[in-house]
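*Asks:* Take this structure first; my questions come after.
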Amino acid sequence: MQFEITETSVRTWLGHRRGGLNEYVFPSCLSAKAHLSTKQYARLPDQWVQAVGLIPGEYGTHSLRRTKVAMIYKRTGNIRAMQILLGHSKLDSTVRYLGVDVEDAVALSEATDL
């Protein structure tokens with residue numbers, strides 16, 4: 001999901017972590033003079049998943065992103081909203097990404113009485 005980072009939100013975050021305007025917004029876990037690396041970022045979900053008793057190797061930043069929109073889609077059936085949340089330019093990409101098939105369409109149709 002895309003969102004805008006405003007000056008106010010950055011200042012609030014820096015104040016929360018007691019950082020200054022001349023520091024990285026997301027500092028490295030290893031060095032105060034470096035930024036958070038992609039590898040360090042990818043390890044965060046492992047810690048979260050393990051903390052709730054799940055197997056870290058079965059989840060990652062991408063699978064968690066997909067899981068949330070898949071759950072919303074199953075609840076609402078709104079494929080266009082999922083396209084917007086994922087930032088896909090083509091609806092076909094969203095359909096493939098979520099694995100939407102004919103059975104999903106039939107189930108949504110049968111759940112709607114007219």
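The values are calculated or read from the model by the stated rules, or taken from the named source; none is laboratory data. Only a predicted model underlies this, so the values are computations on that prediction, with no experimental measurement involved. Neighbour counts are summed over all protein chains in view; Cβ atoms, including those assigned to glycine, are modelled from backbone coordinates with ideal geometry.
*Asks:* Condition first: loosely packed, with under 12 Cβ neighbours inside 10 Å and either under 30 Å from CYS29 (Cβ atoms) or of a type in the set (D, E, K, R) (or both). Now tell me which residues in the stretch 72-98 satisfy that.
*Replies:* Matches in the stretch 72-98: ARG75, ARG80, GLY87, LYS90, ASP92, ARG96.
*Asks:* A further question follows. Can you confirm whether the stretch 96-112 contains a residue that is in contact with an Asp or Glu (Cβ under 9 Å, 6 or more places away or on another chain) and touching a residue at least 24 places away in the same chain (Cβ under 8 Å)?
*Replies:* Checking the stretch 96-112: at least one residue is in contact with an Asp or Glu (Cβ under 9 Å, 6 or more places away or on another chain) and touching a residue at least 24 places away in the same chain (Cβ under 8 Å).
*Asks:* Checking ARG43 against (1) without any contact (Cβ under 8 Å) to a residue 12 or more places away in the chain; (2) more than 26 Å from LYS68 (Cβ to Cβ): exactly one of these is not met. Which one?
*Replies:* For ARG43, the exception is condition (2).
*Asks:* Out of everything in the stretch 32-47 that is at pLDDT 80 or above and assigned to a loop (DSSP other than H, G, I, E, B), what residue ends up being surrounded by the most Cβ atoms within 10 Å (Cβ to Cβ)?
*Replies:* Step by step, filter the stretch 32-47, then rank; the result is LEU36.
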